[in-house]
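Here is the structure we will look at.
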């Protein structure tokens, strides 16, 4: 468990064009990947606004490491 990483956790987003629900991994958001909507085939650029997803992932991993040490 010391290597717990939330970046492999799926989240659901909505296509801004057709509102199709799409499951993506947090690591795709962190990498700011471009995905294709299965509903309308539109390209969607995932954006990690201000690096908040990356920072949250690092903070959670750090907190878990601290818990395991205690």
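Determine if region 31-46 includes at least one residue that is at pLDDT below 90 and either part of a loop (DSSP other than H, G, I, E, B) or more than 10 Å from the chain's Cα centre (by Cα) (or both). Checking region 31-46: not a single residue is at pLDDT below 90 and either part of a loop (DSSP other than H, G, I, E, B) or more than 10 Å from the chain's Cα centre (by Cα) (or both). In region 1-21, the residues that are at positive phi and modelled with pLDDT of 85 or more form Cβ pairs under 9 Å with partners that are surrounded by 13 or more Cβ atoms within 10 Å (Cβ to Cβ) and assigned to a loop (DSSP other than H, G, I, E, B), at six or more places apart or across chains, as follows: 19/39. For region 28-70, name all the residues that are touching a residue at least 40 places away in the same chain (Cβ under 8 Å) and surrounded by 11 or more Cβ atoms within 10 Å (Cβ to Cβ). Across region 28-70, the qualifying residues are 56, 57, 60, 61, 64, 65. Of all the residues in region 1-19, those that are surrounded by 14 or more Cβ atoms within 10 Å (Cβ to Cβ) and farther than 23 Å from residue 63 by Cβ number 2. When residue 22 is tested against (1) surrounded by 15 or more Cβ atoms within 10 Å (Cβ to Cβ); (2) part of a loop (DSSP other than H, G, I, E, B), only condition (2) is not met.
The values are calculated or read from the model by the stated rules, or taken from the named source; none is laboratory data. As the structure is a computational prediction, the values presented were derived from the model and not from experiment. Cβ coordinates were reconstructed from backbone atoms using ideal geometry, including for glycine residues, and neighbour counts include every protein chain displayed.
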